[in-house]
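Everything below concerns the one structure shown next.
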Amino acid sequence: MAVGIFDSGLGGLTVLDAAQKRLPDVDFLYYADSAHAPYGVRTPEDIYQLTRKAVHDLWNRGCDLVILACNTASAAALRRMQEEGVPPGKRVLGVFVPLIEALTERQWGDNSPPREVSVQNVALFATPATVASRAFQRELAFRAIGVDIEAQACGGVVDAIEEGDLILAEALVRSHVDALKRKMPYPQAAILGCTHYPLMEKAFQDALGAEVKVFSQGNLVAESLADYLQRHPNMLGTGAGGYLTTGKPATVSDRATQFLRRKIEFRAA
Ligand code: DGL
């Protein structure tokens, strides 16, 4: 029995780690499409095709429920996959909604009309493809009014993390935060809209300042997954858990072990 967790690379581990802690009895099958990362500089069509292929692979391996632990894939592929119809008994879910619900102080599934919330100036840090999609702004507009989102496309950060170059990643985070602050000097909150970025959360928080509330997806998605599985206990799937990559298993395992500070062993997808 396993729930599938998909990302272009290592970023989804931030969601997986929180989900494993929240749901210790659930097995997870993690799929990193490392051979094609980063997704954030690809076209929406390309991201859709790659995501679709990986999700079908996870479904075929027995996962009934697949979480796109990747904002870029959620932005470019989720709605299209849901609209074209998923196979019977299968589901695919994204990572935007739990975060937007937390930002707008809503309970799960509260579909009441948009209303004023306590934050007005929000910084969004995400990949170029996610920023271009405007998916966050769209989801937010369903739930809140009067919120100004200033988006910063953080080129290079995912590449640096995938390569294990955290010094470069930190320097890039600082320069992207500076660029954001030139456009919005006093954000009240910041969204880490890419699942890789929580691996650099301290760098974001330090550069933004302690007064800015930083939202990241790990715990929020884990909580909403726990809620979903309680309501749909039949979605635990039939396959075995583990870690799959389309890249080099030894390299990806080393980086994952470094990030999660516990032994993680990937095998070839
Ligand atoms: N973790 C992915 C996300 O949440 C990174 C995308 C990429 O590969 O550029 O957007």
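Can you bin region 42-110 into rounded, prolate or oblate? Criterion: square roots of the alpha carbon gyration tensor eigenvalues sorted a ≥ b ≥ c, rounded for a/c under 1.5, prolate for a/b above b/c, oblate for the rest. Cα axes put region 42-110 in the oblate bin.
Of the residues Ala250, Leu208, Met235, the one whose Cα sits farthest toward the positive end of the charge dipole of region 127-269, with +1 on the Cβ of Lys and Arg and -1 on the Cβ of Asp and Glu, is Met235.
In straight-distance terms, cross-link reach from Lys213 covers every one of the lysines whose alpha-carbon lies under 26 Å from its own, apart from those fewer than eight places away in the same chain; here that gives Lys21, Lys181, Lys183, Lys202. Note on surface exposure: Phe136, Phe142 rank Phe142, Phe136 by accessible area, highest first, 1.4 Å probe. Here the peptides 191-204, 165-178, 99-112 are ranked by packing, the mean other Cβ count within 10 Å, and the order with the highest first is 191-204, 165-178, 99-112.
Expressed as a whole percent, the accessible surface of the chain that belongs to carbon and sulfur atoms is 51, based on a 1.4 Å probe. Taking N as the residue count of region 1-90, its C-alpha radius of gyration divided by 2.2 N^0.38 Å amounts to 1.03. Ordering Lys183, Lys53 by accessible surface, largest first, gives Lys53, Lys183; the 1.4 Å probe counts only protein heavy atoms, with every chain in place.
Screening the chain for DSSP H helices whose Cα atoms reach 15 Å or more along their own axis and whose mean Kyte hydropathy is at least 0.0 gives 166-183. What does the C-alpha gyration tensor say about the overall shape of the chain? Classify as rounded when a/c is under 1.5, otherwise prolate if a/b is larger than b/c, or oblate. It is oblate, given that a/c is not under 1.5 and a/b is not larger than b/c. Estimated at the nearest 10 Å², the accessible area of Ser253 is 10 Å² with a 1.4 Å probe. From most to least packed by mean Cβ count within 10 Å, the peptides 66-78, 19-31, 257-269 give 66-78, 19-31, 257-269.
Ranking Tyr31, Thr51, Ala75 by how far each Cα lies toward the positive end of the dipole of region 1-128 (charges on Cβ) leaves Thr51 at the top. Accessible area per residue for the chain, computed on protein heavy atoms with a 1.4 Å probe, is 44 Å².
Among 234-243, 79-88, 2-11, sorting by the average number of other beta carbon atoms lying within 10 angstrom of each residue, highest first, gives 2-11, 234-243, 79-88. Computed over the chain, the per-residue total of -39500 (n - 2.57) for DSSP H runs of n ≥ 4 gives a 222 nm mean residue ellipticity of -12500 deg cm²/dmol, rounded to 500.
Counting only Cβ charges, +1 for Lys and Arg and -1 for Asp and Glu, the dipole size of the chain around its Cα centre is about 200 debye.
Within region 1-158, the ratio Rg/Rh, alpha carbon atoms throughout and Rh by Kirkwood, equals 0.97.
The values are calculated or read from the model by the stated rules, or taken from the named source; none is laboratory data. If you're wondering where the values come from, they're calculated on a predicted model, not measured in any experiment. Cβ coordinates were reconstructed from backbone atoms using ideal geometry, including for glycine residues, and neighbour counts include every protein chain displayed. Keep in mind that these areas ignore ligands, DNA and RNA; they rest on the heavy atoms of the full protein, side chains included. Shrake-Rupley method; radii C 1.70, N 1.55, O 1.52, S 1.80 Å.
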